[in-house]
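Taking it in order: structure first as C-alpha coordinates, then the write-up.
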Amino acid sequence: MFMVCSLIPFYEKEKVMMANDVWELMINSFDYERRRCKQEFEEICERSSYQLIELRNNNQLQGIVGYWDFSKWIAIEHLAVQKGEDETQIVPALLEQLLQTTANGVIIIAEVDILQNSRGHSIKSLYKKTGFIENPFVYIQPSYHKGCASFPQRILSYPSAINYGQFKELRSLLYRFVYGKKKVI
(Lines give C-alpha, C1' and ligand atoms only; values in the text may rest on other atoms or scores of the structure.)
Protein backbone atom coordinates (compact mmCIF):
# COMPACT_ATOMS: atom_id res chain seq x y z
CA MET A 1 0.00 0.00 0.00
CA PHE A 2 1.34 3.43 -0.94
CA MET A 3 1.28 6.57 1.09
CA VAL A 4 1.78 9.62 -1.05
CA CYS A 5 3.25 12.53 0.84
CA SER A 6 1.63 15.76 -0.10
CA LEU A 7 3.19 18.35 -2.25
CA ILE A 8 6.12 19.99 -0.53
CA PRO A 9 5.57 23.75 -0.93
CA PHE A 10 9.10 24.94 -0.17
CA TYR A 11 8.17 28.57 -0.62
CA GLU A 12 5.61 28.52 2.23
CA LYS A 13 8.14 27.43 4.81
CA GLU A 14 11.31 28.84 6.18
CA LYS A 15 14.42 27.30 4.68
CA VAL A 16 13.68 23.58 4.41
CA MET A 17 16.52 21.11 4.40
CA MET A 18 16.24 18.56 1.64
CA ALA A 19 15.96 15.01 2.93
CA ASN A 20 19.17 13.06 2.41
CA ASP A 21 17.28 10.22 0.73
CA VAL A 22 15.89 12.64 -1.89
CA TRP A 23 19.40 13.79 -2.81
CA GLU A 24 20.70 10.20 -2.82
CA LEU A 25 17.91 9.24 -5.23
CA MET A 26 18.87 12.17 -7.48
CA ILE A 27 22.56 11.23 -7.68
CA ASN A 28 21.76 7.53 -8.13
CA SER A 29 19.21 8.20 -10.88
CA PHE A 30 20.78 10.97 -12.97
CA ASP A 31 24.24 11.40 -14.43
CA TYR A 32 26.14 14.54 -13.48
CA GLU A 33 25.23 16.26 -16.78
CA ARG A 34 21.51 15.69 -16.07
CA ARG A 35 21.26 17.15 -12.59
CA ARG A 36 22.40 20.13 -10.61
CA CYS A 37 24.91 19.99 -7.79
CA LYS A 38 23.35 19.67 -4.33
CA GLN A 39 23.63 23.36 -3.41
CA GLU A 40 21.97 24.45 -6.67
CA PHE A 41 19.21 21.87 -6.18
CA GLU A 42 18.55 23.14 -2.67
CA GLU A 43 18.41 26.71 -4.00
CA ILE A 44 15.81 25.90 -6.66
CA CYS A 45 13.74 24.03 -4.09
CA GLU A 46 13.29 27.37 -2.33
CA ARG A 47 11.75 29.02 -5.42
CA SER A 48 7.99 29.43 -5.48
CA SER A 49 7.74 27.99 -9.00
CA TYR A 50 9.51 24.71 -8.11
CA GLN A 51 7.66 21.86 -6.42
CA LEU A 52 8.59 18.36 -5.33
CA ILE A 53 6.30 15.39 -4.74
CA GLU A 54 7.67 12.46 -2.77
CA LEU A 55 6.13 8.99 -2.70
CA ARG A 56 6.85 7.13 0.51
CA ASN A 57 5.75 3.84 2.04
CA ASN A 58 6.34 3.52 5.79
CA ASN A 59 8.58 6.59 5.58
CA GLN A 60 10.79 4.93 2.94
CA LEU A 61 11.27 7.03 -0.19
CA GLN A 62 10.03 5.21 -3.29
CA GLY A 63 10.14 7.99 -5.85
CA ILE A 64 10.01 11.70 -6.59
CA VAL A 65 8.76 14.04 -9.24
CA GLY A 66 10.21 17.56 -9.29
CA TYR A 67 8.55 20.13 -11.50
CA TRP A 68 8.27 23.80 -12.37
CA ASP A 69 4.90 25.56 -12.25
CA PHE A 70 4.85 28.30 -14.89
CA SER A 71 1.08 28.98 -14.63
CA LYS A 72 -0.02 27.65 -18.02
CA TRP A 73 2.82 25.10 -18.20
CA ILE A 74 3.99 22.48 -15.71
CA ALA A 75 7.46 21.23 -16.67
CA ILE A 76 8.61 17.96 -15.12
CA GLU A 77 12.31 18.30 -14.51
CA HIS A 78 13.07 15.02 -12.75
CA LEU A 79 11.14 11.82 -12.22
CA ALA A 80 13.03 9.14 -10.29
CA VAL A 81 12.24 5.78 -8.72
CA GLN A 82 14.30 4.06 -6.01
CA LYS A 83 16.21 0.98 -7.16
CA GLY A 84 14.31 -2.15 -6.27
CA GLU A 85 10.92 -0.44 -6.53
CA ASP A 86 8.39 -1.31 -9.24
CA GLU A 87 8.46 1.53 -11.81
CA THR A 88 5.16 0.34 -13.26
CA GLN A 89 3.48 1.24 -9.96
CA ILE A 90 5.57 4.16 -8.71
CA VAL A 91 5.68 6.27 -11.92
CA PRO A 92 1.88 6.24 -12.44
CA ALA A 93 1.32 6.99 -8.74
CA LEU A 94 3.66 10.01 -8.93
CA LEU A 95 2.09 11.25 -12.17
CA GLU A 96 -1.41 10.81 -10.77
CA GLN A 97 -0.47 12.87 -7.72
CA LEU A 98 0.89 15.57 -10.03
CA LEU A 99 -2.26 15.53 -12.17
CA GLN A 100 -4.39 15.98 -9.04
CA THR A 101 -2.48 19.16 -8.11
CA THR A 102 -2.73 20.70 -11.59
CA ALA A 103 -5.38 23.25 -12.55
CA ASN A 104 -7.58 22.77 -15.61
CA GLY A 105 -6.17 24.21 -18.81
CA VAL A 106 -2.55 23.70 -17.79
CA ILE A 107 -0.31 21.66 -20.09
CA ILE A 108 2.14 19.32 -18.36
CA ILE A 109 5.32 18.51 -20.24
CA ALA A 110 8.18 16.06 -19.79
CA GLU A 111 11.43 15.62 -21.70
CA VAL A 112 12.40 12.14 -22.91
CA ASP A 113 15.55 11.04 -24.70
CA ILE A 114 15.29 10.36 -28.42
CA LEU A 115 18.02 7.74 -28.10
CA GLN A 116 16.77 5.55 -25.30
CA ASN A 117 18.02 2.62 -23.33
CA SER A 118 15.49 0.08 -22.04
CA ARG A 119 14.85 2.08 -18.85
CA GLY A 120 14.17 5.26 -20.82
CA HIS A 121 11.82 3.36 -23.12
CA SER A 122 9.97 1.98 -20.06
CA ILE A 123 9.54 5.45 -18.50
CA LYS A 124 8.36 6.89 -21.83
CA SER A 125 5.73 4.17 -22.16
CA LEU A 126 4.55 4.80 -18.58
CA TYR A 127 4.11 8.49 -19.43
CA LYS A 128 2.11 7.49 -22.51
CA LYS A 129 -0.08 5.09 -20.51
CA THR A 130 -0.90 8.03 -18.24
CA GLY A 131 -2.08 10.01 -21.27
CA PHE A 132 1.03 11.95 -22.30
CA ILE A 133 1.43 12.55 -26.04
CA GLU A 134 4.77 12.59 -27.87
CA ASN A 135 5.26 15.74 -29.93
CA PRO A 136 7.29 15.69 -33.19
CA PHE A 137 9.70 18.53 -32.39
CA VAL A 138 13.35 17.83 -31.60
CA TYR A 139 14.45 19.58 -28.45
CA ILE A 140 18.03 19.85 -27.22
CA GLN A 141 18.29 19.63 -23.44
CA PRO A 142 21.31 21.58 -22.27
CA SER A 143 23.63 20.11 -19.67
CA TYR A 144 23.39 21.56 -16.19
CA HIS A 145 27.17 22.06 -16.23
CA LYS A 146 29.41 24.04 -18.55
CA GLY A 147 31.46 21.92 -20.92
CA CYS A 148 29.21 18.85 -20.70
CA ALA A 149 27.16 17.34 -23.52
CA SER A 150 23.59 18.32 -24.39
CA PHE A 151 20.95 15.70 -25.21
CA PRO A 152 18.43 15.39 -28.06
CA GLN A 153 14.95 15.02 -26.62
CA ARG A 154 11.28 14.91 -27.47
CA ILE A 155 8.66 16.75 -25.47
CA LEU A 156 5.74 14.73 -24.14
CA SER A 157 2.66 16.74 -23.21
CA TYR A 158 -0.55 16.18 -21.28
CA PRO A 159 -3.50 16.36 -21.84
CA SER A 160 -2.97 17.33 -25.48
CA ALA A 161 -0.31 17.75 -28.14
CA ILE A 162 1.36 21.13 -28.57
CA ASN A 163 1.84 23.09 -31.79
CA TYR A 164 5.13 24.55 -33.05
CA GLY A 165 4.41 28.02 -31.64
CA GLN A 166 3.78 26.52 -28.20
CA PHE A 167 6.93 24.43 -28.53
CA LYS A 168 9.06 27.52 -29.25
CA GLU A 169 7.52 29.39 -26.29
CA LEU A 170 8.06 26.41 -24.01
CA ARG A 171 11.64 25.85 -25.19
CA SER A 172 12.49 29.48 -24.47
CA LEU A 173 10.92 29.25 -21.01
CA LEU A 174 12.79 26.05 -20.15
CA TYR A 175 16.12 27.39 -21.39
CA ARG A 176 15.78 30.59 -19.42
CA PHE A 177 14.28 29.40 -16.11
CA VAL A 178 15.25 25.73 -15.78
CA TYR A 179 18.67 25.70 -17.43
CA GLY A 180 19.72 29.33 -17.00
CA LYS A 181 20.55 29.79 -20.70
CA LYS A 182 20.05 33.01 -22.62
CA LYS A 183 20.20 31.43 -26.07
CA VAL A 184 18.38 28.43 -27.50
CA ILE A 185 20.62 25.64 -28.77
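The values are calculated or read from the model by the stated rules, or taken from the named source; none is laboratory data. Bear in mind the structure is a predicted one, so any value in this text is a computation, not a measurement. Note that each Cβ is placed from the backbone with ideal geometry, even for glycine, and that neighbours are counted across all protein chains shown.
Computed values, structure above
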{"read-out": "Residue in region 58-89 that is farthest from the chain's Cα centre (by Cα), counting only those that are exposed (fewer than 14 other Cβ atoms within 10 Å of the Cβ) and over 23 Å from TYR158 (Cβ atoms)", "value": "ASN58"}
{"read-out": "Members of region 112-143 found to be within 21 Å of PHE177 (Cα to Cα) and either of a type in the set (Lys, Arg) or buried (at least 18 other Cβ atoms within 10 Å of the Cβ) (or both), listed by number", "value": "VAL112, TYR139, GLN141, PRO142"}
{"read-out": "Pair list, Cβ under 7 Å, 6 or more apart: region 48-77 residue among the basic types (Lys, Arg), other residue part of a strand (DSSP E or B)", "value": "ARG56/MET3; ARG56/GLN62; LYS72/ILE107"}
{"read-out": "Breaking point among (1) part of a loop (DSSP other than H, G, I, E, B); (2) farther than 16 Å from ARG34 by Cα; (3) of a type outside the set (S, T, N, Q), for GLU134", "value": "(1)"}
{"read-out": "Filter result for TYR164 (out of contact with any Asp or Glu (no Cβ under 7 Å at 6 or more places or on another chain), closer than 30 Å to LYS183 by Cβ, loosely packed, with under 13 Cβ neighbours inside 10 Å and modelled with pLDDT of 90 or more)", "value": "yes"}
{"read-out": "Residues (hydroxyl-bearing (Ser, Thr, Tyr) and modelled with pLDDT under 95) located in region 61-106", "value": "SER71, THR88, THR101, THR102"}
{"read-out": "Region 25-39 residues that are surrounded by fewer than 14 Cβ atoms within 10 Å (Cβ to Cβ), paired with ones that are aromatic (Phe, Trp, Tyr) (beta carbon under 9 Å, 6 or more apart)", "value": "TYR32/TYR144; CYS37/TYR144; LYS38/TRP23"}
{"read-out": "Pair list, Cβ < 7 Å and 6+ apart or interchain, from region 124-137 residues that are within 12 Å of ALA110 (Cβ to Cβ) to residues that are polar (S, T, N, Q)", "value": "LYS124/GLN116; LEU126/THR88; PHE132/SER157; ILE133/SER157; ILE133/SER160; ASN135/SER157"}
{"read-out": "Matching entry among LEU99, LEU170, LEU156 (being under 24 Å from GLY63 (Cα atoms), surrounded by 17 or more Cβ atoms within 10 Å (Cβ to Cβ) and under 17 Å from the mean Cα position of the chain (by Cα))", "value": "LEU156"}
{"read-out": "Residues of region 140-155 classified as in contact (Cβ under 8 Å) with a residue 12 or more places away in the chain and part of a loop (DSSP other than H, G, I, E, B), total", "value": "7"}
{"read-out": "Region 29-57, subset under 12 Å from the mean Cα position of the chain (by Cα) and assigned to a loop (DSSP other than H, G, I, E, B), residue farthest from SER143 (Cα to Cα)", "value": "PHE30"}
{"read-out": "Candidate set: region 104-131, residues that are among the aliphatic types (A, V, I, L, M) and assigned to a loop (DSSP other than H, G, I, E, B); chosen: the one farthest from LEU170 (Cα to Cα)", "value": "LEU115"}
